[in-house]
Amino acid sequence: MDQALSHPHIISLAAGFTDNPSLPVEETREIVQELLADERLARPSLQYGSTLGDAALRRRTVDRIRDGDFAALKSTAEDAGGRLNESIYQPQSLQITHGSQQILYMLTEVLFDPGDIVLVEDPTYFVFLGMAQSHGLRCRGVRMTPEGIDVGHLETVLQSLRKAGELPRLKMLYLVSYSQNPSGVTTSLARKAEALRLLRSCEKHAGHTVYLLEDAAYRDLRFRGSDVASALVLPGAAKRVIYTSTYSKPFATGIRVGYGLMPAALGRVVTRIKGNHDFGTAHLLQRIVIRALESGRFDGHLTALQRRYGQKAAVMGRALREQCGDLLEWVEPSGGLYYWARLRGRGTSGPKSRLFKAALKEDVLYVPGALCYADDRTRLKPDNELRLSFGNASEEHIAEGIARLGRAIRSLRGR
Ligand SMILES: Cc1ncc(COP(=O)(O)O)c(C=O)c1O
């Protein structure tokens, strides 16, 4: 962001901002007018709400997650042992938060002591790494494959923790399971099932529950392929799966409303912490989301948004093929906001690399892939990847930004 501000001509393919022109301005204006024009709704909307969150929003949210899981289970032939457990999708188990960022932070605060261990994907959401670092956690990276977390490697990591007597310090696996930030990968239900099974098998040595935190921030932003059921449908989920997601990406990032569904005992502690933070997410913002959901505006907007991101992803894919086909390799995302690209041949992409400087000279910005890897001394951090966002830049800027990136890479290779 600093770089973007100090280089006004820069095309930023770095920031995780969402698409500006499609923000639901009309819908939100109408909703606010409706809310404030209605005597029954106006004053409660401008009053404090409850710490847990508005009951109507919690009910709608758990129903949405349940319906999504039900439909995903029904539409797949894959049998990973998923079954809908109605008792999980309860409004009293759902905490509404200020963006899903807040629930991630609170969970980190509640579950960990300094020196505890969290398993993360290699690569993962770099803001989570910042939180882990600020709480003094030790991160261990687990490799990814195109189907999601590499369960063979997860098993190896767990075995090494066990041998080192470290399992009592292991608290959680953090999975960004849908159109992952940064890699774009969606984790299959079979992978989630195997990961959960492995975590469960460690609990005896750990001496406590080892949680699976499923961050589904991009679940709604799928523009291709079919949805995958969440880990909530898996055996043993009721005790150890935490599911977080958000209304900010599928509706408006400025309306910072997110949520987490979690086992009851954990939820009670999280709600206490939430009380200490702010005793409840802004009520007006929650009411805007409820109204958007009730009136069908949310679904209408989301359908248009999915189409829009599908188009923008296609523009970036085409530009990459035309401008960087010989320079980079990547996998086409089926949702989310990012391409994850790897340099072909030699070269590094880090913030101090020649490539990063050459890209700045060309007025284009990307997220260096190394930032998305935890500080895990048991392996080397890859330093030849780039996260390229098609979220915020216009289609014209996406194409131009990729052309500039191609020129920057070529300038270092003497071509
Ligand atoms: C993987 C992931 N989780 C959570 C968040 C937090 O989003 P919000 O606080 O807007 O819900 C983000 C935002 O970029 C994200 O990429």
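A short reminder: the numbers here are calculations on the coordinates, not readings from a lab. A quick note: this is a predicted structure, and the numbers were derived from the prediction, not measured. No Cβ is skipped: glycine too gets one built from the backbone with ideal geometry, and neighbour counts run over all protein chains shown.
Listing for the model above:
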read-out	value
Under Karplus coefficients 6.51, -1.76 and 1.60, residue-wise ³J(HN,Hα) of the stretch 48-63 in Hz, glycine/proline x	3, x, 9, 5, 5, x, 4, 4, 5, 5, 5, 4, 5, 5, 5, 5
Mean separation of Cα contacts under 8 Å, 6 or more apart, over the residue count of the stretch 47-295: relative contact order %	29
Listed residues S93, S177, S226, most fluctuating in the chain (Gaussian network, C-alpha, under 10 Å)	S226
Test item: Cα-centred dipole of the chain, Lys/Arg +1 and Asp/Glu -1 on Cβ, debye	920
DSSP-defined beta bridges in the chain - what % are antiparallel, rounded to 5	50
Zero-based 20 Å bins, Cα pair distances in the chain, whole percents	26, 57, 16, 0
Antiparallel %, DSSP beta bridges [both residues in the stretch 47-295], to 5	35
The stretch 219-346, dipole about Cα centre (Lys/Arg Cβ +1, Asp/Glu Cβ -1), debye to the nearest 20	220
Dipole moment magnitude, nearest 20 debye, the stretch 47-295 about Cα centre, only Lys, Arg, Asp, Glu C-beta charged	340
Rounded, prolate or oblate (a/c below 1.5 giving rounded, otherwise prolate when a/b exceeds b/c) for the stretch 246-310 by Cα gyration tensor	prolate
Rounded to whole Hz, the Karplus (6.51, -1.76, 1.60) HN-Hα couplings of the stretch 104-121, x for glycine and proline	4, 5, 5, 5, 5, 5, 6, 8, 10, 10, x, x, 5, 10, 10, 8, 10, 6
The chain: calculated mean residue ellipticity at 222 nm from DSSP helix runs of at least 4, using -39500 (n - 2.57)	-14000 deg cm²/dmol
Ordering of 250-261, 74-85 by burial proxy (mean other Cβ atoms within 10 Å per residue, highest first)	250-261, 74-85
Cα gyration tensor category, rounded, prolate or oblate, for the stretch 20-61 with a/c compared to 1.5	oblate
Highest-MSF residue in the chain out of P44, P21, P333 [GNM, Cα springs under 10 Å]	P21
Candidates T186, T124, T303, ranked by Gaussian network fluctuation over the chain, Cα under 10 Å, top entry	T303
Percentage relative contact order, the chain, counting C-alpha pairs under 8 Å, at least six apart	24
The stretch 265-371 - convex hull of the alpha-carbon atoms, volume per residue in Å³	209
Cα Rg, Dmax, the stretch 47-295, angstrom units	17.1, 55
